[in-house]
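**Student:** Got a structure for you, questions after.
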Amino acid sequence: MNNRFTFNGHGMFLKRLFKYNIFNLIGYGVNLLIYYFAIFENVSIYIADLLGIIVAFIITYSTASFLVW
């Protein structure tokens, strides 16, 4: 049921699952890069974390919706 809801029930399950996890890892990496860069530039840790989360969310959601689902 989760497969049908999350991935719309189309295509090979393992291929989509692999792509989904790869794009999540990319989003996580972007989140870390932004966070550490902002900390290096003496930005508050809360602002740095918020910026990283927002950018990573946009990347992860857009790649998952256009390339995976």
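Just so you know, all these numbers are worked out from the coordinates, no wet-lab data involved. Keep in mind that what you see is a predicted model, and the values were worked out from it rather than measured. No Cβ is skipped: glycine too gets one built from the backbone with ideal geometry, and neighbour counts run over all protein chains shown.
**Student:** Hey, can you tell me all the residues within segment 35-69 that are over 18 Å from Phe18 (Cβ atoms) and not in a helix (DSSP H, G or I)?
**Tutor:** Residues satisfying the conditions are Glu41, Asn42, Val43, Ser44.
**Student:** In addition: Name the pairs: first residue in segment 44-69 and among the charged types (D, E, K, R), second residue part of a helix (DSSP H, G or I), Cβ to Cβ under 8 Å, at least 6 apart or on different chains?
**Tutor:** Asp49/Tyr35
**Student:** What are the pairs, 6+ residues apart or on separate chains, where a residue within segment 15-39 that is within 14 Å of Phe66 (Cα to Cα) has its Cβ under 9 Å from a residue that is among the small types (Gly, Ala, Ser)?
**Tutor:** Lys19/Ala64; Tyr20/Ala64; Phe23/Ala64; Asn24/Ala64
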